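Readers should treat all values here as calculations from the given coordinates under stated rules, not as data from a laboratory. All values derive from a computational prediction rather than experimental measurement. Cβ sites come from the backbone with ideal geometry, for glycine too, and all protein chains shown count toward neighbours.
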Amino acid sequence: MVAKFHDIKLKDMSNEEIRRWANILPYDNIVVLRDQQLDKKDLSRVYNSIGNTLKTDEFFCDEEYPELMRVTNERKDDEKIGIFADKELDWHSNGNGRPSGVECCVGLYCVKPGKNSVTSFCDTRAAYEDLNPALKLELSKIKCLFKFENNTFYDLDEDDKELVMFENRGEYARGTIKPLVYTHPFDGKKGLYFTFHYIQKMYKVPQERQKFLKEVLFDHVFQDKYIYHHDDWQPGDLIFMDQFHSIHKRNAVEGDRFMYRTTLDYSHVYDTNKNNQF
């Protein structure tokens, strides 16, 4: 589930070396690199070497490098400068409420970790693989309506521009229909797409059965053996998280915390030959 690297320094690698190294990303749901010490220019080069950086939410992106979204509780002139400031974020993947689909990968780079900052990651591929065959078969036939609604996983005030940002995107309001069992487009493996806060409806499934399945999956998916807690954030930590077969959450933030988040589509650099990695 988690691959950790302590001796790789992306800053010292060429664009081609970074691209080749990135071939591991579809195989490992979570990739952790420590002590990277990257500035914004370095981060932009790393991400653009790996894949296409996707459009972020314009309110909170960096002015010089718009692929870098600020995730912070810091303020300027008493105004928010970043998204998801300091409250708890419950289990989710990024983009799971919009029809444009699941982004391939999200990179999260730590500038300031804050105090007692913990980000948790759940491997929904491993959780799926451990289900019994009968339940796998049933789940494979189910499609769900996924839709963002305020206060389901992150509490926003009515006049908060984060909420305005979501509401102004019609795609979030409409939601999207996706299978509950998601086949990874790169390696063909199956996993659960279980962003349960976003599930508004399971099509062609009776209400009582929907409730039962949600409870069963909740108890199964969130077992300790499927979860990695990154509980020692340090400046320079860079985490890549697959958005097909992993979900993540964050505890409430104490003290100043500043991260850069970037969304990547790395499909054009994907190499099915794992031996060709850096």
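Please rank Ser117, Ser140, fewest neighbouring Cβ atoms within 10 Å first, as an exposure proxy.
Working: Ser117 20, Ser140 13.
If I rank by nearby Cβ atoms, fewest first, I get Ser140, Ser117.
Among the listed pairs Lys214/Lys249; Lys136/Lys211; Lys136/Lys249, give every one whose C-alpha distance is greater than 20 Å.
On the way: Lys214/Lys249 18 Å; Lys136/Lys211 17 Å; Lys136/Lys249 25 Å.
Too far apart for the 20 Å limit: Lys136/Lys249.
From the backbone phi of the range 71-80, what are the Karplus-calculated ³J(HN,Hα) couplings (6.51 cos²θ - 1.76 cosθ + 1.60, θ = phi - 60°) in whole Hz, Gly and Pro given as x?
Each residue's phi maps through the Karplus curve to give 10, 7, 9, 5, 10, 10, 6, 6, 10, 4 Hz.
List the residues whose amide H sits under 5 Å from the amide H of Ile83, counting only those 5 or more places along or on another chain, with H placed 1.01 Å from N in the peptide plane.
It is Arg70, Val71, Thr72, by chain and number.
Can you put Leu54, Leu238 in order, fewest other beta carbons within 10 Å first?
On the way: Leu54 17, Leu238 22.
With the sparsest Cβ surroundings first, the list reads Leu54, Leu238.
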